[in-house]
1. Only Cα pairs within less than 10 Å get springs; with that Gaussian network setup on the chain, which residue of LYS218, LYS74, LYS115 has the largest fluctuation?
2. Give me a comma-separated list of calculated 3J(HN,Hα) values for segment 232-245, in order, Karplus coefficients 6.51, -1.76, 1.60 applied at θ = phi - 60°, integers in Hz, x for any Gly or Pro.
3. Picking from ILE112, ILE167, ILE33, which is most flexible by a Gaussian network model of the chain using Cα springs under 10 Å?
4. Test of understanding: in a Gaussian network model of the chain with alpha carbons linked when under 10 Å, which of MET228, MET85, MET14 would top the mean-square fluctuation ranking?
5. Using 0.36 nm times the number of residues separating THR17 and ASP220, minus their current alpha carbon distance, what extension gain do you get?
6. Rounded if a/c is under 1.5, else prolate if a/b is larger than b/c, else oblate: which is segment 51-155, with a ≥ b ≥ c the root eigenvalues of its Cα gyration tensor?
7. Restricting to Cα pairs below 8 Å that are 6+ residues apart, what does the relative contact order work out to for the chain? Please round to a whole percent.
8. Just round it to a whole percent: the fraction of Cα-Cα distances in segment 138-252 exceeding 24 Å.
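Read the figures in this text as sums done on the coordinates, not as results from a lab. Please read these numbers as outputs of a predicted model, since none were measured by experiment. A quick note on method: Cβ atoms are made from the backbone with ideal geometry, for glycine too, and the neighbour counts reach across all protein chains shown.
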Amino acid sequence: MTQRKQIIAGNWKMNGTLSETANLINGLKQKIISSSLNREVVLCPPFTSLILANELIKDTPFKLGAQNVHFEAKGAYTGEVSAEMLKEAGCKYVIIGHSERRAYFQEDDAFINKKVKKTIATGLTVILCVGETLEEREKGITNQVVKAQLTGSLQNVSEKELENIIIAYEPVWAIGTGKTATPEQANEVHEYIRAVISGGYSAAAAERLIIQYGGSVKPDNAKELLSMPHIDGALVGGASLKADDFAGIVLA
Ligand code: 13P
């Protein structure tokens, strides 16, 4: 069996002035010593903090990620930022298809698919978010919803390109609510995601795929979640804004 790398990413969302960015990263540098680290750590601050964050993470094992991207390289798209710009700013990762973008900015799978393709073509790694709402879970259609999001977002993505995609399973009902999916609930959907990828690509592609869990991950539940066989990391919101908490998760 492939030994998959575990990746812990902090999605700061719309939080982090420049001074807050500096404080948080300096705090993390003190708490997370590279020699003791067996997981990859990714910080995803808002666009305005990327350049500063990139400076501050020099000589650390931390990697930089963005929270969104546009699918064109440049042009008349007021308010948008391209993958080329993010790469130049030091990003290695881009979060795409977060449920907040799906819900508040009407992003659908076809739109997300264009971003995924462009981001990979630019040489960045995608963190592609999928997950069901509470209503969908209660209706018993979690797998259907997740499968539709995966197939829609991965249209025309080759098996080779898939190597530059991480999936983040984030049940919407667990985001920012303090209600974490149990390790078993999360693992079950992760296993299903792997089965979908195995069916659409190959068993080897499914085996390689890194699948993060996101939704109220905290230092006190991280270890249990991260010890599940199909959970290969975490996408952390609220707890990534406090150095103690994020370090607690990274080192769990
Ligand atoms: P919380 O960790 O605040 O629940 O947010 C999860 C999330 O949306 C990460 O992308």
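1. Looking only at LYS218, LYS74, LYS115, the biggest GNM fluctuation is shown by LYS74.
2. Result, ordered by residue: 10, x, 9, 10, 10, x, x, 6, 7, 8, 10, 4, 4, 5 Hz.
3. Taking springs between Cα atoms under 10 Å, the residue moving most is ILE33.
4. Maximum among the listed residues: MET14.
5. 70.3 nm
6. Judged from the Cα gyration tensor, segment 51-155 comes out prolate (a/c at least 1.5, a/b above b/c).
7. That works out to 22 percent.
8. Above the 24 Å cut-off, segment 138-252 has 27 percent of its Cα pairs.
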